[in-house]
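Asks: This structure is in structure tokens; I'll ask about it shortly.
The values are calculated or read from the model by the stated rules, or taken from the named source; none is laboratory data. A quick note: this is a predicted structure, and the numbers were derived from the prediction, not measured. Here the Cβ positions follow ideal geometry from the backbone for every residue, glycine too, while neighbour counts run over all protein chains shown.
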Amino acid sequence: MTPRFIKTLGGAVLLCLLSSLPPLVQAAPDEAILFIEQSSGVAGVQRDGKRLALQPGDALQEQDLIVTERSGRMTLRLGRHGFVEVGPNAEVGVERLPFAAYARDLKSIFSVGKGYFRVVWKHPQLSSNWPLYVYMSGHRISLSSGEYFFQNLGEQQRVCVAAGQIALQAAGSDSLETIKPPACVQLAPNSAPKVTPRNPDDWIAVRRAFSIEATAATLLARDTLPAEPATPPVAKPIITTAPTPITSVSPPVAIAPAPATAVPVMPAPIVAAPAPPPVVAEPRKAAPPAATATAPIIIGQVQTLPAVTPAKAGAPVIAKPLVAGSGTWALNVASYPEAAIAEREAQRLRAAGYAGVKTQAATVNGKSWYRVQIGGFASDAQARSTAVELKTKLGLQNVWVLKP
């Protein structure tokens, strides 16, 4: 065997060995494990001690720290299996993250330094093992598929299980405790975890308020109170007798209450003799009041409209055409796992004056979803214009256009 033949044979063997190794390349942008989906207010990421101005679509990596101020909120997509949401005044660390979905070790860890953190997670198929953990003040929580809320208030931490279950290893303990929904766990130094049942109706309030303390009762009370003008206009009397008192009423409308300054108020007519003045409602052509500044509420592609009671008989609604157009463009406003919830949200959209609202059943990864959609738009531009209106006035941040 000649030296030249040996050299050629050795090169062929080396080439075969190299070709059998896994590719040493970074994941493509659309294969990123964790990337920003939405960001609002003052929210950013610290990496290597520097504050980064990341945009939706940018990927995060290990050791990144998500920081939000009072007005800040951020939603991040977690692979193809869920998402996480960071509330205002929060610090959430990305402690461990796989470089790609095909990595052998998929273990993922988040740490909640302070504030509100929500996780919606669907574990991949049984053929793969993707452990997901959340650390908080020394407590270690392992998550299965489901929806979870975390809040670190410094001296006290709370974890709520809306769906799925967690395995909790409290700080200083070697035992694991399984928590099933609907329940919340209160964690504090030098004390055993305190588990309390939770009303499932509260989850909508928790998502909207970015606080585990929120309840359905307080949310309903807030949303059903009519807005009051900050400085009601006063008309000068034109008679010499006692002036007629002026009354302005802002009846409840079918969306969340706007800031007081956003509600137009008209004075009551002045009469020539003392008499109870007629009640003047808001004109039908007035612009709809802006929604309260809250972040979108999402479960996968799930959003929830502001929870309000149906408008009373005679109460005005937002002036919008009540007849759907004949166009073929549409908007997907929100998706829900239950048909009753989707229909309720559709009714609220109709009460707000939007025409062409319907619910549509769909199956995603073997699970049923019920989508709330608005159809009848003549063009993509018209659909996008309404999507912007829904985002700015109703706080719906995950609306997307359905092409014909």
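Asks: Out of the stretch 320-339, which residues are under 20 Å from the mean Cα position of the chain (by Cα) and either farther than 25 Å from residue 80 by Cα or touching a residue at least 60 places away in the same chain (Cβ under 8 Å) (or both)?
Replies: Residues satisfying the conditions are 331, 332, 333, 334.
Asks: Is it true that residue 92 is touching a Leu at 6+ places or on another chain (Cβ under 6 Å), assigned to a strand (DSSP E or B) and crowded, with 18+ Cβ neighbours inside 10 Å?
Replies: For residue 92, the condition - touching a Leu at 6+ places or on another chain (Cβ under 6 Å), assigned to a strand (DSSP E or B) and crowded, with 18+ Cβ neighbours inside 10 Å - is not met.
Asks: Next question. Within the stretch 80-91, is even one residue of a type outside the set (Val, Ile, Thr) and over 20 Å from the mean Cα position of the chain (by Cα)? Steps first, please.
Replies: Step one: filter the stretch 80-91 for residues of a type outside the set (Val, Ile, Thr), giving 80-83, 85, 87-91.
Within this subset, residues satisfying the condition of being over 20 Å from the mean Cα position of the chain (by Cα) are none.
Within the stretch 80-91, not a single residue is of a type outside the set (Val, Ile, Thr) and over 20 Å from the mean Cα position of the chain (by Cα).
Asks: Sticking with this structure for a sec: So which of 372, 388 ends up being in a strand (DSSP E or B) and not small (Gly, Ala, Ser)?
Replies: Of 372, 388, the one residue that is in a strand (DSSP E or B) and not small (Gly, Ala, Ser) is 372.
Asks: Of these, 142, 39, which one is surrounded by fewer than 16 Cβ atoms within 10 Å (Cβ to Cβ), on the phi < 0 side of the Ramachandran plot and part of a strand (DSSP E or B)?
Replies: Unique residue meeting the criteria: 142.
Asks: Under 7 Å by Cβ, and 6 or more places apart or on different chains, what pairs join a residue from the stretch 184-211 that is surrounded by 14 or more Cβ atoms within 10 Å (Cβ to Cβ) with one that is of a type in the set (Phe, Trp, Tyr) and part of a strand (DSSP E or B)?
Replies: Filtered contacts from the stretch 184-211: 206/149; 210/116; 211/116.
Asks: Do we have residue 104 as at pLDDT below 95 and within 17 Å of the chain's Cα centre (by Cα) here?
Replies: Judged against the criteria, residue 104 is not a match.
Asks: Identify all residues within the stretch 351-365 that are out of contact with any Pro (no Cβ under 7 Å at 6 or more places or on another chain) and either surrounded by fewer than 18 Cβ atoms within 10 Å (Cβ to Cβ) or in a strand (DSSP E or B) (or both); write none if there are none.
Replies: So the first thing to find is which residues in the stretch 351-365 are out of contact with any Pro (no Cβ under 7 Å at 6 or more places or on another chain), and the list is 352-354, 356-365.
Hits for the stretch 351-365 are 357, 358, 359, 360, 361, 362, 363, 364, 365.
Asks: Here is a follow-up. Those residues that are over 17 Å from residue 151 (Cα atoms) and hydroxyl-bearing (Ser, Thr, Tyr), I need them from the stretch 37-70; list them, please.
Replies: Passing the criteria: 39, 40.
Asks: Taking residue 179, is it over 20 Å from the mean Cα position of the chain (by Cα), surrounded by 14 or more Cβ atoms within 10 Å (Cβ to Cβ) and among the hydrophobic types (A, V, I, L, M, F, W, C)?
Replies: yes
Asks: Within the stretch 95-112, is even one residue touching a residue at least 60 places away in the same chain (Cβ under 8 Å), closer than 19 Å to residue 207 by Cα and in contact with a Gly (Cβ under 8 Å, 6 or more places away or on another chain)?
Replies: no
Asks: When you look at residue 148, is it in the same structural domain as residue 102 (by TED's automatic domain parsing), surrounded by 21 or more Cβ atoms within 10 Å (Cβ to Cβ) and of a type outside the set (Val, Ile, Thr), yes or no?
Replies: Yes; evaluated as a whole, the condition is true for this residue.
Asks: Please work out which residue is farthest from residue 144 (Cα to Cα), limiting yourself to the stretch 95-133 and to residues that are among the β-branched types (Val, Ile, Thr) and buried (at least 18 other Cβ atoms within 10 Å of the Cβ).
Replies: Step by step, filter the stretch 95-133, then rank; the result is 112.
Asks: Could you tell me whether residue 84 is closer than 20 Å to residue 147 by Cβ and in contact with a Lys or Arg (Cβ under 8 Å, 6 or more places away or on another chain)?
Replies: Considered against the rule, which asks whether it is closer than 20 Å to residue 147 by Cβ and in contact with a Lys or Arg (Cβ under 8 Å, 6 or more places away or on another chain), residue 84 comes out as yes.
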